[in-house]
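Below is one structure; the comments refer to it alone.
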Amino acid sequence: MSIAENIDKIKYLIDNAAKKSGRSGEDINLIAVSKTVDIPLIQEAVDYGLRDFGENRPQEIRDKSKIIQNVNWHQIGQLQSNKIKYVAGKTKLIHSVDSLKLMEEIEKYCKAHEFTQDILLQVNISNEASKSGMDIDEVKKMLESAEKMECVKVKGLMTIGSLYADINENKKYFEICNNLFVDISRKKYDNISMEYLSMGMSGDFEAAIEMGSNMVRIGTSIFGKRNYNI
């Protein structure tokens, strides 16, 4: 199938999943995960109407954003402090803020360069040692610190489903994260606007949407399998 056909299929599935939670496909933000994808294939997706692209490696955002412009770039992979300069001020969202230290470093960099940066807090709902992210108690502490920041703006949460669970078990994890998202929204923290709940990838995005996600990160189902080791 072509990239256009893949996108059409994904949007159809997104719309069906959204209806199960009382929404429509237009309520769901689709991020095409373009890590290791060549520029011509990304451009093909852009030409077909996609405007949001996610990268794991900050250097890829740095390089690709010079060629493909007028789109929204998202840092979705783990971010090291020394790579903040490649993504801060250049991305719509940094999804993978998983520690107070990292959030403070982003604040420091943005303050020095006089711009703001929207972020998501990464939650490790399944508490898997192999995954990045905070537990729920750490999230609450992060929010208290974020309230005092001038340049970093928390816009929601991100989580990754368990690699070892079936769809039904992951639905439970997604539901827990959605409940946390709703709880934070109701408390109305200063400087925090819960706009995005980024849950779901190629293998579980339908379940994530059913459980409340309004942002999904899909790569393989759009661009096909890639060699992530290069």
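Once the whole set of protein chains is in place, how much accessible area is left on Ser162, using a 1.4 Å probe, in Å² to the nearest 10?
Result for Ser162: roughly 10 Å² accessible.
Taking the Cα centre as origin and putting +1 on Lys and Arg beta-carbons and -1 on Asp and Glu beta-carbons, what dipole magnitude results for the chain, to the nearest 20 debye?
For the chain, the charge dipole is close to 360 debye.
What percentages make up the Cα-Cα pair-distance distribution of the stretch 126-230 when the bins are 5 Å wide from 0?
It works out to 2, 12, 20, 21, 18, 13, 8, 4, 1, in whole percents.
Given Leu157, Asn124, Leu180, which one lies farthest toward the positive end of the charge dipole of the stretch 124-181, if we put +1 on the Cβ of every Lys and Arg and -1 on the Cβ of every Asp and Glu?
Final value for the positive-end residue is Leu157.
What aspartates and glutamates could a cross-link reach from Lys9, if we take a straight Cα to Cα line under 14 Å and drop same-chain neighbours fewer than 8 places away?
Once the sequence-local aspartates and glutamates are set aside, what remains near Lys9 is Glu206.
For the chain, list the cysteines whose Cβ sits under 4.7 Å from no other cysteine Cβ?
Cys177, each lacking another Cys Cβ under 4.7 Å.
For the chain, modelled as a GNM with alpha-carbon contacts under 10 angstrom, which of Ile61, Ile31, Ile39 fluctuates the most?
With Cα springs under 10 Å in the chain, the top fluctuation among Ile61, Ile31, Ile39 is at Ile39.
Taking the Cα centre of the stretch 74-128 as origin, sum charge times position over the Cβ atoms of Lys and Arg (+1) and Asp and Glu (-1), and report the length of that vector in debye to the nearest 20.
With only Lys, Arg, Asp and Glu charged at Cβ, the dipole is about 240 debye.
Probe of 1.4 angstrom, ligands and nucleic acids ignored: what's the accessible area per residue over the stretch 25-163, in square angstrom?
Accessible area per residue: 46 Å².
For the chain, what is the convex hull volume of its Cα atoms per residue in Å³?
Measuring per residue, one finds 122 Å³ for the Cα hull of the chain.
Taking the Cα centre of the stretch 127-180 as origin and charging only Cβ (+1 Lys, Arg; -1 Asp, Glu), how large is the dipole, in debye to the nearest 20?
On the way: 8 positive and 10 negative charges, 39 e Å.
Dipole magnitude for the stretch 127-180 comes out near 180 debye.
Quick check: at a probe of 1.4 Å, how many percent of the accessible area of the chain sits on carbon and sulfur atoms?
Roughly 45 percent of what the probe reaches on the chain is carbon or sulfur.
Helix-only mean residue ellipticity at 222 nm, the chain, DSSP H runs n ≥ 4 weighted -39,500 (n - 2.57), per residue, nearest 500. What is it?
-12500 deg cm²/dmol
Listed here are the pairs Lys83/Lys187; Lys11/Lys64; Lys111/Lys225; which of them are more than 28 Å apart at the Cα?
From Lys83/Lys187; Lys11/Lys64; Lys111/Lys225, over 28 Å: Lys83/Lys187; Lys111/Lys225.
The values are calculated or read from the model by the stated rules, or taken from the named source; none is laboratory data. All values reported here derive from a predicted model rather than from experimental measurement. With ideal geometry, Cβ positions are generated from the backbone for all residues, glycine too; neighbour counts draw on all protein chains shown. For accessibility, only protein heavy atoms count, side chains too; no ligands or nucleic acids. Shrake-Rupley method; radii C 1.70, N 1.55, O 1.52, S 1.80 Å.
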